[in-house]
Ligand code: AMP
Ligand code: GLY
C-alpha cells in the first residue's frame, strides 16, 4: 500500500514510524513532514491545510490510504473531499469533526446526551458575556468557539482577566472568526488526563491512557503550550475509572454523534478533568493528541494500518489491538522563548548519540535540514520517547537521551511523569 500522512509534527513522525513497521505498506509519503520524518518517508512540500494540493497529490500518486494528523484539514472537510474521489482517508468527516471545530456544538452535544462536563453558556455578544462573568465570579474559563491553534482558552483567575479575555477574543478578534462566538465555562479543578479511542462509528476500542503536561515550566507553572511531554499509562485513571469513562463518556458520545446524523469515524480524544474519581470532559478532539501519540504508539504492539482501515470500513470489531504492558514517556524539547517568540535555525547536536540508545525514539516536530545538518524550525522541536519496565525506568531512560541532545536556548521540563510517581 502507498500511504500519505498529513502533517509535520511529532505526532506525525510517530504515525509514520508506526506505519512503516506494517508489512502491508510499500511506500510512505508525508506532507509536509520534517527532518526526522524524511528518514522514514518521502516528504512532499504541501501544507497540511492545502486540501486541493493534497487531493491532487493523492490522485496523481494513487495513494491507497491517507492518514490526517492535525485538526484543521479535518474540520475543513478533507475527508469529505477525498471520499468524493473515492480515496480512502482516515478521520472524521466535516460534520463529525465539528466536535472539535465548534466548542458550542460540543457542549450542546454533551448536554443533550448527558456526558459529564462543566456548566457553560455561549455568547455572540461581548456585553452579555461580561455580565455573565460578573454574575458568576472567578475563577472562570473563557473559550473561543472555533479553532485557535490551542490558544483560544483562557483560564481566568479574576473577573477582570475574564473580561479582558472576552474583549481580546470578541472585539480585537485575536483569533479571527473563531472568536465570533465564545463559551464561558465553569472552572474545573483536578488532574487532567487524555483518553483516546479508535472508532468506526459503532464499535469503540480504547487506547491506553495518557497524560499531557501543558504548562511550559516544571510544576505546571507558566503559560500553556501545545504540550511539553506525556506518558502512558496515566495511573490517575484506575481500572474502575477506565470503565466509567468508556460507559459514561466515550460510548455515549459516539452513539450520540450517530443519532445526530454525524457518524464519527476515526480517533476520538477526550481531554478529561478528574476530581475525586469523577471524570468530566474539558473538550473533545477529532484526532490523535500531540505529544500523547508518541508514548501511546510506542506501546501499540499490533499493526496500526489494519486498525485504521477497519475504522474506515466499519469492521473495527474484527481488528486486533494489543498493547505493550511497559510504560512509555515522552519529553518535549522546545526552542528558547516558546510558547512566545523564538528563533529558528539552531543546529541540533547529539541526535546520533541519542539514536544509539535502546528503547528510545527521538520523534521530530519543528526540525528541518540545512546543509546536511538538522536545525530547529519550530517551537516544539523534538519529542524524545522511551519505553521501559516501569514509569520511573522509562523516565530515566528518556532523560538519559534528552541530556545527549542540545542546541542554543533549548528548554524542556525536568518533571515529566512525576505526577504518576506519586500514585505508584
Ligand atoms: P481545551 O482546549 O478546552 O482542552 O483547554 C485547554 C486547557 O485549558 C485544558 O487542557 C485545561 O488545562 C484548561 N481548561 C479548559 N477548560 C477548563 C475548565 N473548564 N476548567 C479548568 N481548566 C480548563
Ligand atoms: N496534547 C494536546 C492536544 O493534542 O491537543
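No lab work stands behind these numbers, since they all come straight from the coordinates. If you're wondering where the values come from, they're calculated on a predicted model, not measured in any experiment. Cβ sites come from the backbone with ideal geometry, for glycine too, and all protein chains shown count toward neighbours.
Taking the centroid of alpha carbons for each part, the range 236-292 and the range 408-424 are 25 Å apart.
Rounded to the nearest 5, what is the percent of antiparallel bridges among the DSSP beta bridges in the chain? Percentage antiparallel, nearest 5: 80. Label positions at residue 344 and residue 243, each projected 7 Å from the Cα along the C-beta direction, are separated by 5.0 nm.
If the chain linking residue 324 and residue 356 were pulled fully straight, counting 0.36 nm for each residue of separation and taking away their Cα-Cα distance, it would gain 9.3 nm.
For 332, 16, 305, the sequence from fewest to most other C-beta atoms within 10 Å is 305, 16, 332. Once C-alpha pairs closer than 8 Å and six or more residues apart are averaged by separation and normalised to the residue number of the chain, the relative contact order reads 16 percent.
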